[in-house]
Amino acid sequence: MSIHSLLLAVLFSILVLSTQAQVKIEREYRIKEKFVPQQAQQFFDSLALQSKVKWYSEKSDLGQRIEAKTKFQGEYYSVRFDRTGTFLDLQVQRSLKTIDSLTQQAIVHSLNTQFKKWKVDKVQFQYQGSFEQVKQSVYAATDESVIPPSYEIDVTALTEDDQDIYQLLYSHSGDMLKKSIFATYSMTNLEF
Amino acid sequence: MNKVFIISFFLLNVTLSFSQDISTYRYGIRGNANISKCFEKNWTGTIRLRGIGQIGSGDFSGSRERLPNETLELFIWGSKRLKPNTKVAFGYTGSDFGGDLIHRFNQQYSWVTPLQHFTLGQRIALDETFGKSSIFRIRARYRINAQFPLSGQAVNDNELYLKVNNEYLGILRNGFDGAEVRLIPMLGMQLGNQNKIELGLDNRINNIFANPRDFQFWAVANWYLTLE
């Protein structure tokens, strides 16, 4: 075997091994509106957000979901349904500062306790409940919501030896309800 | 963000349209293999092997010549993550230009910002180059790049993405010695969470504020592998 063949074989082996080592938690694909369950479409239309919507199919460890994403009055909305079109929740992207100050303090304290250094990538107000309650909450001012939101927060955090991306769910009063870790992707191609 | 790219395209086009016949061009291929290894305390070691193959050159008056030459470069980097998505790195580059070894020391500060529809990367860098037959020079660099997923809102396994690099360099060699602009659109694919390949076109203009300008066009292939 020549040195070139050997080098190629080693490179190919590294490529195959590293591909097998992947971890996957969540993945989404853009889908056409005609593939969206009618029930989901009707609910989304009833919100009357009057803006262009993009539909996604989201596959994760929780199963398959249908997700509608849109921008309305400067805020990003995400409405999730199960695969039959039953409404699951509505999320509105806002900044950490828009959360009630006492809850905000509790969340910041929780993050400081868990991580040495952290940076918030995304905060989403999450509304769960009946159709009508959620619809009313969409149009209510943040502190006048018919149903109190919980807060889904994506955080990039430095641990002792590594960097990881977490998704944390906090209750309306700032108690942590859930903590997930995302599969992280190397960003070497943007750093070097 | 879009403004930056529009300005870059504008700069490239204006320079092209005003380029006089005396301006020169070169073209060829470049290949980069980057292998990074993560260590404790957020340190990373990176080795990059770069091959540059010039296929031809000429000037815009119509004269052409085919002077193929090859260069091999070896980069060795050490980097430390200071904050989430923020890195500082120091490196050494050895280049072999026809038997003459050129040394380069690199320092850089880079940060990555995940946004709603794409990921933005920025880098401020400084490098010092010297060699037996090369005058000492310093380059100050700023690069902005963006990675756009072509499916969904994030790049996942076995998915394609578009990456656009735009870099500005100021060169000091016995005083100010010109500036360079680079624009590099690339199509990439994520192969597993720590492995990616990219193919694209590297466009450069040297001596952007003077004549003769030197235009470079390179077909580029990049491979990035990160070992945990």
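Side notes on the structure shown:
- Extent of segment A:46-99 along its three principal axes (Cα atoms, max minus min coordinate, largest first): 31, 26, 15 Å.
- Partner aspartates and glutamates whose Cα lies under 17 Å from the Cα of residue A:117, excluding those fewer than 8 positions away in the same chain, are identified as A:154, A:160, A:161, A:162, A:164, B:40.
- Charged neighbours of residue A:182, selected by a Cβ distance under 9 Å, balance to -3 (K, R count +1; D, E count -1).
- Convex hull volume of the Cα atoms of the protein assembly as shown, normalised per residue: 183 Å³.
- In segment B:53-131, the alpha-carbon atoms span a convex hull of 156 Å³ per residue.
- Summed residue charge, Cβ within 13 Å of residue B:205's Cβ, Lys/Arg positive, Asp/Glu negative: 0
- About its Cα centre, the dipole of chain B is roughly 560 debye, where the only charges are +1 on Lys and Arg Cβ and -1 on Asp and Glu Cβ.
- Spatially, segment B:113-158 and segment A:125-192 are offset by 29 Å when compared through their Cα centroids.
- Working note: Karplus 6.51/-1.76/1.60 with θ = phi - 60° gives segment B:25-31 the couplings 9, 9, 8, x, 10, 9, x Hz, where Gly and Pro are set to x.
- Reported to the nearest whole Å, the Cα centre-to-centre distance from segment B:63-110 to segment A:29-45 is 50.
- Beta bridges per DSSP, both residues in chain B: antiparallel share near 90 percent.
- Charge dipole (Cα centre; +1 on Lys/Arg Cβ, -1 on Asp/Glu Cβ; no other charges) of segment B:121-183 amounts to roughly 280 debye.
- Relative contact order (percent, whole number), segment B:122-180, Cα cutoff 8 Å, 6+ residue spacing: 30
- Local charge for residue B:183 was computed over the other residues whose Cβ lies under 10 Å away, with Lys and Arg +1 and Asp and Glu -1, and equals 0.
- Directionally averaged shadow of segment B:131-212, computed from the convex hull of its alpha-carbon atoms, nm²: 7.5
- Over 24 Å apart at the Cα level, from the set A:97/A:178; A:71/A:97; A:71/A:116, are A:71/A:116.
- Cross-link partners for residue A:69 among the lysines, with Cα-Cα distance under 17 Å and sequence neighbours closer than 8 places in the same chain left out: A:32, A:34, A:52, A:54, A:59, A:122, A:135.
- Helical mean residue ellipticity (222 nm; -39500 (n - 2.57) per DSSP H run of 4+; nearest 500) of chain B: -2500 deg cm²/dmol
- The label-point distance for residue A:97 and residue A:172, in a model that sets each label 7 Å from Cα toward Cβ, rounds to 2.5 nm.
- Globularity index of segment B:85-228 is 1.17 (Cα radius of gyration / 2.2 N^0.38 Å, N = number of residues).
- Cα long-axis angle, helix B:2-18 against chain B (0 to 90 degrees, to the nearest 10): 20
Where a number appears in this text, it was derived from the coordinates with a stated rule and is not lab data. A quick note: this is a predicted structure, and the numbers were derived from the prediction, not measured. Cβ coordinates were reconstructed from backbone atoms using ideal geometry, including for glycine residues, and neighbour counts include every protein chain displayed.
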